[in-house]
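Report on one structure; see the data block that follows.
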Amino acid sequence: MSPAAVKDSLPHDFDGCYSDTQVVLDCTELWCQTPSSLLLQSEVFSNYKSHCTFKAMVGMSPHGALTFVSALFEGSMSDREVFRQSGITSLLTPDMAIMVDKGFLVDDLVPGPVHRPAFLSKRAQMSEVDVLKTQSIARLRVHIEREHKPNLHSRLSPLKLPKWTSGKEMEIMN
């Protein structure tokens, strides 16, 4: 979607500090059959899900239209690496902001602003400004999470790996 089209359909909730948001990004993991190859198992095993998965990056415009879906990557890959390899960076310009979850530390990979909830890090307590910022971003992101995850997962059948798959050759068959 063009930046003008996104801006024209921007929900009122995004007015103000988040009006420059072009896309809300999140990674989603899809369970797959456990490969018989131990090497492949180690590549697709997700510590987060405690199962073998493939991971994709999904982007939605602020009004809920699905605007970006990456290729599938190994479940063991970090969200940052999925972001880097997804190719979305080449679609962004300096005037386009992205909204991400707190685990997406990608500020140095994008040309524009990144809207992300604050997190404690090494501090004992968040400042009032950080709490308000986190609440406002979470309030906007929850609509996207509710929209894309159930719809994406309900349309996909379980992923099965062909027997000849090994190493980095990960072909997906239904």
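The values are calculated or read from the model by the stated rules, or taken from the named source; none is laboratory data. Nothing here was measured: the structure is a model prediction, and the numbers come from that model. Here the Cβ positions follow ideal geometry from the backbone for every residue, glycine too, while neighbour counts run over all protein chains shown. The area values use the complete protein model at the heavy-atom level, side chains included, leaving out ligands, DNA and RNA. Shrake-Rupley method; radii C 1.70, N 1.55, O 1.52, S 1.80 Å.
Scanning the range 25-52 for residues that are over 17 Å from Ser86 (Cα atoms), of a type in the set (S, T, N, Q) and either in contact with a strand residue (DSSP E or B) (Cβ under 8 Å, 6 or more places away or on another chain) or crowded, with 18+ Cβ neighbours inside 10 Å (or both) yields a count of 4. Picking from residues in the range 75-84 that are in contact with a Lys or Arg (Cβ under 8 Å, 6 or more places away or on another chain) and not in a helix (DSSP H, G or I), the one that is most open to solvent (accessible area, probe 1.4 Å) is Met77. For residues that are exposed (fewer than 12 other Cβ atoms within 10 Å of the Cβ) and in a helix (DSSP H, G or I), scanning just the range 108-134, find the one that is modelled with the highest pLDDT. Per the criteria, the residue is Asp108.
When the range 5-18 is limited to residues that are part of a loop (DSSP other than H, G, I, E, B) and out of contact with any strand residue (DSSP E or B) (no Cβ under 9 Å at 6 or more places or on another chain), the one that is most open to solvent (accessible area, probe 1.4 Å) turns out to be Asp15.
Do the conditions hold for Leu72, that is, is it crowded, with 18+ Cβ neighbours inside 10 Å, of a type in the set (A, V, I, L, M) and more than 25 Å from Ala138 (Cβ to Cβ)? It is true that Leu72 is crowded, with 18+ Cβ neighbours inside 10 Å, of a type in the set (A, V, I, L, M) and more than 25 Å from Ala138 (Cβ to Cβ). Answer with yes or no whether Ser61 is modelled with pLDDT of 85 or more and under 30 Å from Asp130 (Cα atoms). For Ser61, the condition - modelled with pLDDT of 85 or more and under 30 Å from Asp130 (Cα atoms) - is met.
Okay, residues lined up against (1) closer than 24 Å to Leu92 by Cα; (2) part of a helix (DSSP H, G or I); (3) acidic (Asp, Glu); (4) modelled with pLDDT under 85:
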residue	(1), (2), (3), (4)
Leu25	yes, no, no, no
Thr34	no, no, no, no
Glu43	no, yes, yes, no
Tyr48	no, no, no, yes
Cys52	no, no, no, no
Lys55	yes, no, no, no
Thr67	yes, no, no, no
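The residues in the range 85-107 that are open to solvent by 90 Å² or more (accessible area, probe 1.4 Å), acidic (Asp, Glu) and either in a helix (DSSP H, G or I) or under 17 Å from Cys27 (Cβ atoms) (or both) can be counted, and the count is 0.
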